[in-house]
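The values are calculated or read from the model by the stated rules, or taken from the named source; none is laboratory data. No experiment lies behind these values; they were computed from the predicted model shown. Cβ sites come from the backbone with ideal geometry, for glycine too, and all protein chains shown count toward neighbours. Side chains included, ligands, DNA and RNA excluded: accessible areas come from the protein's heavy atoms. Shrake-Rupley method; radii C 1.70, N 1.55, O 1.52, S 1.80 Å.
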Amino acid sequence: MIKSFLTPWGSEVLAFKSLDSTSRYLWQQALDGAPHGSVVVADHQSSGRGRRGRQWHSPTGLNLYFSVLLRPHSKLEQVPQLSLVTAAALWKALADECSGLQIKWPNDLYCQGLKMAGILSEMKPGKNEAEFVIVGIGLNVNARLSDFPPELQGQVTSLGYECDKDFDLAELLKKILQELAFFEDKFCREALSGTIMDLVNRNFFLAEKDIMIHSGGHKIACRAHAIDDSGHLLATTKDGQKMAFSAGEAWLDKGTVY
Ligand code: BTN
């Protein structure tokens, strides 16, 4: 089991052998008043949650499944930007280990065109600001491709597979949390500008690719360009219309990307 340690925000990581979902558990802790920067990690999740009601495959002891509680004083419309901030922090924490990492809008980490990590941000709205946000991260670390169910094969990869070595999960988690605390502090002071957006756009998986975007109940074919300082995806439709998407799910037009 991952041993507990002190997070950069100053509390002990809450580490479990198994939970249904680290995000569900932390949501309850947040309702009970847990502080900013609380972190929950589990070796295994029985009902790991993905975006859009999907399950997150969470086999025991192979990967990182963790959630971070943020009380960010962000306006409601800024909250989705925290997913990009998290993706940037993940990229920074792992880039020394693994070349070719890319960020897929709105909030995935890719390598060689395959998904290595997913981020699920869930918010409890307050009056004008978010009361809290639970950022849940699933990072495929020591799983090999045969450890994934058949329906995910060809769509996912892992850090260990890409680097051909195994990683110490606790050490990796420490490094990721350090970067996340650094980027989150930067975001609070400077919003999504400068360093964060440079990093994201320099490593943007969808840049100048033809995509299908599912947004607001519509499927739109377009060419993706970049992400702006509000976290919006800038794209041009086939008939030349310039678009800025604030939310949605994007796939490469050539086939489904998980
Ligand atoms: C996605 O669909 O890409 C987001 C997946 C997020 C999975 C992580 S694993 C840790 C945390 N707990 C959950 O139940 N989900 C998130």
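General observations
- Looking across the range 1-21 at every residue that is of a type in the set (D, E, K, R) and more than 14 Å from the ligand (Cβ to nearest atom), the one that is most open to solvent (accessible area, probe 1.4 Å) is identified as 3.
- Pair list, Cβ < 8 Å and 6+ apart or interchain, from the range 92-116 residues that are among the hydroxyl-bearing types (Ser, Thr, Tyr) and at pLDDT 95 or above to residues that are open to solvent by less than 30 Å² (accessible area, probe 1.4 Å) and within 15 Å of the ligand (Cβ to nearest atom): 110/103; 110/104; 110/116; 110/205
- In the range 27-60, the residues that are among the hydrophobic types (A, V, I, L, M, F, W, C) and not in a strand (DSSP E or B): 27, 30, 31, 34, 56
- Every listed requirement among (1) in contact with a Leu (Cβ under 6 Å, 6 or more places away or on another chain); (2) within 12 Å of the ligand (Cβ to nearest atom); (3) not in a strand (DSSP E or B) is met by residue 109 save one, (3).
- Per the listing 209, 175, 219, the residue uniquely open to solvent by 30 Å² or more (accessible area, probe 1.4 Å) and free of Cβ contacts under 8 Å to residues at least 24 places away in the same chain is 219.
- Which listed residue, of 146, 121, 99, 67, is among the small types (Gly, Ala, Ser), part of a strand (DSSP E or B) and open to solvent by 10 Å² or more (accessible area, probe 1.4 Å): 121
- Subset of the range 124-134 that is open to solvent by less than 30 Å² (accessible area, probe 1.4 Å) and touching an Asp or Glu at 6+ places or on another chain (Cβ under 8 Å) - its residue that is farthest from the ligand (Cβ to nearest atom): 133
- Residue selected from the range 229-248 under the condition outside any strand (DSSP E or B) and either farther than 15 Å from residue 210 by Cα or small (Gly, Ala, Ser) (or both), by the criterion most open to solvent (accessible area, probe 1.4 Å): 229
- Test for residue 24: is it outside any loop (DSSP other than H, G, I, E, B), within 10 Å of the ligand (Cβ to nearest atom), under 29 Å from residue 215 (Cβ atoms) and at pLDDT below 95: no
- Selection from the range 81-96 of residues that are assigned to a loop (DSSP other than H, G, I, E, B) and either of a type in the set (Asp, Glu) or within 13 Å of the chain's Cα centre (by Cα) (or both): 96
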